[in-house]
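The values are calculated or read from the model by the stated rules, or taken from the named source; none is laboratory data. Treat the numbers as computed from the prediction; the structure is a model and nothing was measured. Glycine also receives a Cβ, built like all others from the backbone with ideal geometry; neighbour counts cover every protein chain displayed.
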Amino acid sequence: VGLVPVTLGLVLNTYAKLVVSLLRPVMPFVDGLGLIIPVVTVHAVSFASGYWFSRIPALRQEEEVSRTISLYTGMQNATLAGLLATQFLGSSQAVAPACSVVVSAIMGLCLASFWGNGFRIRDIPSLIITPQNSGSTAKA
């Protein structure tokens with residue numbers, strides 16, 4: 001599995017220099033997507049699991065407590081990853097955790113704003129699927 005990308009890169013660099021010159025400016029963006037997608041997924045799962053595990057009937061947590069646990073769970077992972085990467089791996093390995101901190105802050109602020117405006121998790125389907133006007137309203 002690891003040989004396929006290396007072999008493809010060698011073949012393209014040797015026999016298709018035009019293709020390489022066209023792809024080279026785009027590759028940092030494509031590589032960035034390889035970082036952003038897992039980071040967003042990890043934080044979405046963290047926020048959701050923090051909320052839903054606290055809503056288990058055996059725990060009987062209030063809505064406000066569940067929201068707090070969700071925000072705490074989703075945001076602490078990035079901070080811890082950044083601290084550990086900087087402490088033990090060096091600053092060059094702290095790029096991914098730094099991106100993770102930014103993503104968790106944005107997602108946490110969006111979630112806090114969502115809840116601060118009075119919305120609840122169970123309101124999401126009604127926010128996404130809104131009834132369309134049929135256009136056949138009768139005027140008197």
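Do we find a residue being surrounded by fewer than 10 Cβ atoms within 10 Å (Cβ to Cβ) and either within 30 Å of residue 114 (Cβ to Cβ) or touching a strand residue (DSSP E or B) at 6+ places or on another chain (Cβ under 6 Å) (or both) anywhere in region 62-74?
Checked against the condition, which is being surrounded by fewer than 10 Cβ atoms within 10 Å (Cβ to Cβ) and either within 30 Å of residue 114 (Cβ to Cβ) or touching a strand residue (DSSP E or B) at 6+ places or on another chain (Cβ under 6 Å) (or both), region 62-74 yields at least one hit.
Residues are listed down the side, and each one gets a yes or a no for (1) farther than 28 Å from residue 5 by Cβ; (2) part of a loop (DSSP other than H, G, I, E, B); (3) modelled with pLDDT under 85; (4) of a type outside the set (Ser, Thr, Tyr):
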residue: 19; (1), (2), (3), (4): no, no, no, yes
residue: 35; (1), (2), (3), (4): no, no, yes, yes
residue: 38; (1), (2), (3), (4): no, no, no, yes
residue: 56; (1), (2), (3), (4): yes, yes, no, yes
residue: 64; (1), (2), (3), (4): yes, no, no, yes
residue: 80; (1), (2), (3), (4): yes, no, yes, yes
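Please count how many residues of region 11-59 are under 22 Å from residue 98 (Cα atoms), among the hydroxyl-bearing types (Ser, Thr, Tyr) and touching a helix residue (DSSP H, G or I) at 6+ places or on another chain (Cβ under 6 Å).
Of the residues in that region, 1 qualify.
Of all residues in region 100-126, count the ones that are part of a helix (DSSP H, G or I) and modelled with pLDDT under 85.
Total satisfying the criteria: 6.
State whether one or more residues within region 84-99 are closer than 24 Å to residue 118 by Cβ and assigned to a helix (DSSP H, G or I).
The answer is no; no qualifying residue exists.
From the list 11, 95, 40, which one is within 24 Å of the chain's Cα centre (by Cα), over 21 Å from residue 109 (Cβ atoms) and not hydroxyl-bearing (Ser, Thr, Tyr)?
Just a single option satisfies the conditions, and that option is 95.
State all residues of region 14-37 that are farther than 30 Å from residue 109 by Cβ and exposed (fewer than 11 other Cβ atoms within 10 Å of the Cβ); if no residue qualifies, say none.
Result: 14, 15, 17, 18, 21, 22, 24, 25, 26, 27.
Among the residues of region 61-69, is any charged (D, E, K, R) and touching a residue at least 40 places away in the same chain (Cβ under 8 Å)?
Taking every residue of region 61-69 in turn, at least one turns out to be charged (D, E, K, R) and touching a residue at least 40 places away in the same chain (Cβ under 8 Å).
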